[in-house]
1. Peptides 175-188, 115-128: what's the order by average Cβ count within 10 Å, highest mean first?
2. Could you derive backbone 3J(HN,Hα) for segment 250-255 from the dihedral phi with the Karplus parameters 6.51, -1.76 and 1.60 (θ = phi - 60°), listing whole Hz in sequence and x where the residue is Gly or Pro?
3. Once Rh is set to the Kirkwood radius over Cα pairs, what Stokes-Einstein translational diffusion coefficient, in µm²/s, holds for segment 31-205 at a temperature of 25 °C and a viscosity of 0.890 mPa s?
4. Using only the Cα atoms of segment 210-300, what do you get for the radius of gyration and for Dmax, in Å?
Amino acid sequence: MAAFITENFRFLSLFFKSKDVMIFNGLVALGTVGSEELFSVVAFHCPCSPARNYIYGLAAIGVPALALFLIGVIWNNHTWNVVAECHKRGTKNFSAAATFLLFGSIMGRAAVAPVTWSVISLLRGEAYICALSEFVKPSSLDKFPAEYGAEALARFPCKDIPANLTRFRDEVTRRLRYESQLFGWLLIGIVAVLVFLTKCLKHCCSPLSYRQEAYWDQYRSNEDKLFRRTAEVHSRVLAAENVKHFFGFVALDKEEKELVQEFPVEGVQPSPQWNAITGVYIYRENKGFPLYSRLHKWAKGVEGNGPAPEGHEMLFLAS
């Protein structure tokens, strides 16, 4: 099983350069594997009935994959950056290439779990066998009894079949499992090639050197960590001051008292500042100097997000 998981998800590392992102998406993939195994053992029961098999088998593969894809889109920060950008500024500042790469990034990252689910389902083969057993042509089976038809074939995924059909059941199951696993390995290969080509295209079209792009990744990660940490402290101190103003006192533990004393909060940031640092960011250079984020650009006093004639443009693919 360990070797199977290793082979199945080796290509996923091509998606990510950040170690934190690799670990997170590795956990997503492994969690999907565990969920699929649990679903197959506990929840998957082929109805073994003509017409129902096909719908149930495809639903067992497609519906969870769709749900995982939507969850991936919801959890992706890019999704809500796009919503904020469209709400506040529209899409006039984005070129067609930037828009394509942005949505490609959202779709690609959200596809990790559903592709994992689909691949595991195909390599296991149960859902595929359930869906297509009734469509196997009796004429392709040597000496298949003429009195049996699609209804008998539909019962092949189950064990309650006439004894004289056991040999044919094994043959049909082996044939369909071969097809299912073949499609699974082909899906792995296609995804691996697409990821490789996408990474090559991204680096070829990037205005940044490899080292500068690595620095940009580090800056984004550090800025995000520091921003979240500082926002948590700021909100806690502000809440403490407001509670104290209402009650006349505030019950703080030792750590919170130290925070209130060390980081006094004089006010809150106005909405225009929050809007300025929120949304999708397109990489810009101001007079040859890089601007690595909306916060960086706001701190430098640079206005707008539209492409400057002398500037470079590259999509912000934050982790």
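What follows is calculated from the coordinates using simple rules that are stated; it is not laboratory data. Note that the structure is predicted; figures quoted are calculated from it, not measured. Neighbour counts run over all protein chains shown; Cβ positions are idealised from the backbone, glycine included.
1. Details: 175-188: 16.1, 115-128: 22.6.
Ranking the peptides 175-188, 115-128 by packing returns 115-128, 175-188.
2. 9, 8, 10, 7, 4, 5
3. Numbers: Rh = 18.8 Å.
D = 131 µm²/s.
4. 17.4, 56
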